[in-house]
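Visitor: Pasting in a structure now, in structure tokens, and then I'll have a few things to ask.
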Amino acid sequence: PNNDAAKAQKLTLPVNVTGRFLAKGDVDCYAITLTKGQRLKVVGQTYEVLSPSELYLTLKNAMGGEVAMSNPQQAATIDFTAPADGVYTLQVEQ
């Protein structure tokens, strides 16, 4: 049950994550600790593994502000460099 930032699954980089959406509106959240200047690249793959899902990715800072998001018109990717140390939350939704 990682549907919100308070229950986000903690990840240690580098990492690969496999998931699935069990219900309409399901959101998965992951907590990632980054240091200032550290690069985070997130690449969502669905069609490549024969899944009909389209992903939307949002990265939020510790205060809940959006700092990066994927473009719904393109592949689900985020390429982000942390401006400060902190725990960032990656939100993945269909």
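Visitor: Which pairs turn up if I take residues in region 49-63 that are open to solvent by 100 Å² or more (accessible area, probe 1.4 Å) and look for partners that are assigned to a loop (DSSP other than H, G, I, E, B) with beta carbon separation below 8 Å, at least 6 apart in sequence or on another chain?
Guide: Pairs that qualify, where the first residue is open to solvent by 100 Å² or more (accessible area, probe 1.4 Å) and the partner is assigned to a loop (DSSP other than H, G, I, E, B), are PRO52/THR46; GLU54/THR46; GLU54/PRO72; GLU54/ALA76; GLU54/GLN94.
Visitor: Looking for something among the β-branched types (Val, Ile, Thr) and open to solvent by 90 Å² or more (accessible area, probe 1.4 Å) - is there at least one such residue anywhere in region 17-25?
Guide: First, the residues of region 17-25 that are among the β-branched types (Val, Ile, Thr): 17-18.
Then drop every residue that is not open to solvent by 90 Å² or more (accessible area, probe 1.4 Å), which leaves 18.
Yes, region 17-25 contains a residue that is among the β-branched types (Val, Ile, Thr) and open to solvent by 90 Å² or more (accessible area, probe 1.4 Å).
Visitor: Got at least one residue in region 71-87 being within 17 Å of ASP4 (Cα to Cα) and open to solvent by less than 50 Å² (accessible area, probe 1.4 Å)? Steps first, please.
Guide: At the first step, the residues of region 71-87 found to be within 17 Å of ASP4 (Cα to Cα) are 87.
With open to solvent by less than 50 Å² (accessible area, probe 1.4 Å) added as a condition, the list becomes none.
There is no residue in region 71-87 that is within 17 Å of ASP4 (Cα to Cα) and open to solvent by less than 50 Å² (accessible area, probe 1.4 Å).
Visitor: So how many residues does region 36-93 have that are at positive phi and of a type in the set (A, V, I, L, M, F, W, C)?
Guide: Taking region 36-93 as the starting set, the residues that turn out to be at positive phi are 37, 50, 64, 86.
From the residues that got through so far, the ones that are of a type in the set (A, V, I, L, M, F, W, C) too are 50.
Residues meeting the conditions: 1.
Visitor: In region 38-70, what residues are among the charged types (D, E, K, R) and either touching a strand residue (DSSP E or B) at 6+ places or on another chain (Cβ under 7 Å) or under 21 Å from LYS7 (Cβ atoms) (or both)? Steps first, please.
Guide: Going through region 38-70, the residues among the charged types (D, E, K, R) turn out to be 39, 41, 48, 54, 60, 66.
Correct list: ARG39, LYS41, LYS60, GLU66.
The values are calculated or read from the model by the stated rules, or taken from the named source; none is laboratory data. Note that the coordinates shown come from a computational prediction; the quantities given were computed from them, not determined experimentally. As a convention, Cβ positions derive from the backbone with ideal geometry for all residues, glycine included, and neighbour counts pool all protein chains shown. Keep in mind that these areas ignore ligands, DNA and RNA; they rest on the heavy atoms of the full protein, side chains included. Shrake-Rupley method; radii C 1.70, N 1.55, O 1.52, S 1.80 Å.
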